[in-house]
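Have a look at the structure below before the remarks.
The values are calculated or read from the model by the stated rules, or taken from the named source; none is laboratory data. This one's a predicted model, so the numbers in the text were calculated from it and none came from an experiment. A quick note on method: Cβ atoms are made from the backbone with ideal geometry, for glycine too, and the neighbour counts reach across all protein chains shown. Ligands, DNA and RNA are stripped out before the accessible areas are found, and what is left, the full protein with its side chains, is counted by its heavy atoms. Shrake-Rupley method; radii C 1.70, N 1.55, O 1.52, S 1.80 Å.
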Amino acid sequence: MTREQRSSADDVVVVGAGLAGLACALDLCGAGRRVTLLEASDGVGGRMRTDRRDGFLLDRGFQVFTTSYPQVRRRLALRGLRLRPFTAGLVAHTSAGPVRLVDPTRRTAPAPGGPRTGGAPGGVAPSAGALSGGVLTGRDLAALAALSAYDTVLPARVVKRRADRTTAAALSRAGVSRRAVDEVLRPFLAGVFLEDRLETSARFFHLVLRSMARGTPCLPADGVGAVPAMLAAGLPQGVVRLETPVAALTDGGVLLTDGSERPAGRVVVATDAPTAARLLPGLRIPGGRTVTTYYHAADVPPLREPILMVDATLTVLGTCVLTEVSPTYAPPGTALVSTSVLGGAPPGGEPAVRRRLAELYGTDTGPWRQVAVYTVEGALPAMTPPWPLSRTTRFAPGRYVAGDHRATGSVQGALASGTRAAREVLADLARG
Ligand SMILES: Cc1cc2nc3c(=O)[nH]c(=O)nc-3n(C[C@H](O)[C@H](O)[C@H](O)COP(=O)(O)OP(=O)(O)OC[C@H]3O[C@@H](n4cnc5c(N)ncnc54)[C@H](O)[C@@H]3O)c2cc1C
């Protein structure tokens, strides 16, 4: 680097304006450092973006926002997100019929900043019949209650330090029956882990249980993209450069795809995992999980409740009527149904999904219109045990790597990894 380059150089270039890059840039700017955040695409948010099309809000893959994550509480003014809650629980379509598993103490609890929800006028049969059909036995319910009590009461550091195993092994050890796993837990957790063998780290499973027990599942009225937008609004003007893809790291900074170089003392790579491995040769990354989300518009909501439905046949991972969660997701008088399936397009494609939806909602889905479909490769890292939950971001002198693949595949994990990167960069800068 020449002397002029050095004087105009950033202290830190952060590559990638997803949640990890945004959190990192915020903390570095907060510490008074000169920072540029380079983003390849035309907007911030990475995997947490929302498209607006013909009056619809279309999240790029269905996701739920959880209010209990420590990083969310620390960094976001939840009221400003105008959060709209889901019913705390789910309906599982089992071989014995629909089982309704809701927390009666929280069903009508408002999300922070959101209105109270109304009752649940129906569409789905109540749970009692199915429970007596033996899908969940008393022993299962006791085992699940013990698991969630444990996760709610214990400090997170204890949960994090426990020996790791697969979630399937942890459930079996806790005494949950095979039937309860196959009919209820696997369908639900497959939607959280984006894999249906329950081979995901039990440490992560416990963190998920903990966040569910402590928080409210909800969606921002402007779509999940409102979350990174709020973070980006906290950055000084000019820090974020959109449509500026980084091609490589150089000795003195980064090389952009237009051939220009951007000098920087330190570089934090906060991209998706495959790009991070390309920019940082030698970096080991986990595999990724893929999910496809279909959006359908209907003239009449097929269910009048903001609740997630899961499917024991795993034909679909989960489905819900988004406009029951927040009417802002569709033009007035239209219902928007979100449905996710594992991987890419399923056998039989969208018509097979639509047929299954007709069974799940008990309605004719023929007149529904497909509004959009998103396949997200690498939606989550494959978090197989032993999964460390958090890793150093130091990769080489002056080079750092952050992102959910360095922590957990979640909003919390991405923000925590970006936070850690800033902390480690600042510590190294202070050492000189
Ligand atoms: C469909 C789906 C459902 C999910 N559901 C949930 C959920 O319910 N709850 C939950 O907590 N989490 C969920 N997640 C996970 C959560 O969204 C992610 O863990 C998190 O958003 C990852 O953030 P990140 O910053 O690590 O990476 P990313 O969001 O991938 O950000 C990386 C950024 O780097 C940019 N980039 C890439 N290459 C370059 C380059 N060469 N130069 C410059 N920039 C580059 C990308 O454009 C992107 O903006 C879900 C994710 C998906 C996709």
Exercise. Mind listing the phi-derived Karplus ³J(HN,Hα) values for the stretch 229-235, rounded to whole Hz, using 6.51, -1.76 and 1.60 with θ = phi - 60°, and x for any glycine or proline?
Worked result: 4, 5, 5, 4, 5, x, 8
Exercise. Say a paramagnetic label sat at a point 7 Å from the Cα of Arg431, along Cα to Cβ; which residues of the stretch 258-292 have their backbone N under 19 Å from it?
Worked result: 265-269
Problem set entry | Set of the stretch 376-394 residues, backbone N closer than 14 Å to the point 7 Å along the Cα-Cβ line of Arg284 | 384-389, 391-392
Exercise. Under a 1.4 Å probe, what is the accessible area of the stretch 127-215 per residue, stated in Å²?
Worked result: 45
For this session: Highest first, please rank the peptides 399-408, 286-295 by the mean number of other Cβ atoms sitting within 10 Å of their residues.
Result: 399-408, 286-295
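Any chance you could tell me what percent of the C-alpha pair distances in the stretch 1-95 go past 21 Å?
The answer is 54 percent, as a whole percent.
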For this session: Enumerate the calculated ³J(HN,Hα) couplings along the stretch 57-66 in order (Karplus 6.51 cos²θ - 1.76 cosθ + 1.60, θ = phi - 60°), each rounded to whole Hz, writing x wherever the residue is Gly or Pro.
Result: 9, 10, 5, 6, x, 4, 8, 10, 9, 10
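Within the set of other residues whose C-beta is less than 13 Å from the C-beta of Val15, count the net charge using Lys and Arg as +1 and Asp and Glu as -1. Could you put the intermediate results ahead of the total?
Working: positive: Arg241, Arg262, Arg266, Arg278, Arg399; negative: Asp10, Glu39, Asp272.
Neighbourhood net charge equals +2.
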Exercise. Which of the peptides 15-26, 256-267, 41-52 is most tightly packed, and how do the rest follow, going by the mean number of other Cβ atoms within 10 Å of each residue?
Worked result: 15-26, 41-52, 256-267
For this session: Give the carbon-plus-sulfur fraction of the accessible surface of the stretch 362-432 in %, rounded to a whole number; probe 1.4 Å, heavy atoms of protein chains only.
Result: 53
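Ignoring any ligand, DNA or RNA, what whole percent of the accessible area of the stretch 2-105 comes from carbon and sulfur when the probe is 1.4 angstrom? Intermediate results must be reported in sequence, preceding the final value.
Working: 2010 of 4370 Å².
Ligands and nucleic acids excluded, carbon and sulfur reach 46 percent.
Ignoring ligands, DNA and RNA, what percent of the 1.4 Å accessible area of the stretch 162-224 is carbon and sulfur?
Values: 1050 of 2200 Å².
Carbon plus sulfur share of accessible area: 47 percent.
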Exercise. What residues have an amide H closer than 5 Å to that of Arg84, excluding those fewer than 5 places away on the same chain, when H is modeled at 1.01 Å from N in the peptide plane?
Worked result: Leu219, Ala221
Exercise. Once the Cα gyration tensor of the stretch 170-299 is diagonalised, what are the square roots of 5 times its eigenvalues, in whole Å and ordered largest first, as equivalent ellipsoid semi-axes?
Worked result: 38, 22, 15
Problem set entry | Model label zone, Asp54; criterion: amide N under 20 Å from point 7 Å along Cα-to-beta-carbon; scope the stretch 327-352 | 327-340, 350-352
For this session: Determine the per residue accessible area of the stretch 234-327 with all protein chains present and a 1.4 angstrom probe, expressed in square angstrom.
Result: 40
For this session: Quote the convex hull volume per residue of the chain, based on C-alpha atoms, as a whole number of Å³.
Result: 142
Exercise. Quick one: if you stick a label point 7 Å off each Cα along the C-beta vector at Val158 and Arg34, how many nm between them?
Worked result: 4.9
Problem set entry | Peptide ranges 344-357, 196-209 listed from the most packed, as the mean C-beta count within 10 angstrom indicates | 196-209, 344-357
Exercise. Extension gain Asp196-Arg214, at 0.36 nm per residue separation less the Cα-Cα distance, in nm?
Worked result: 4.0 nm
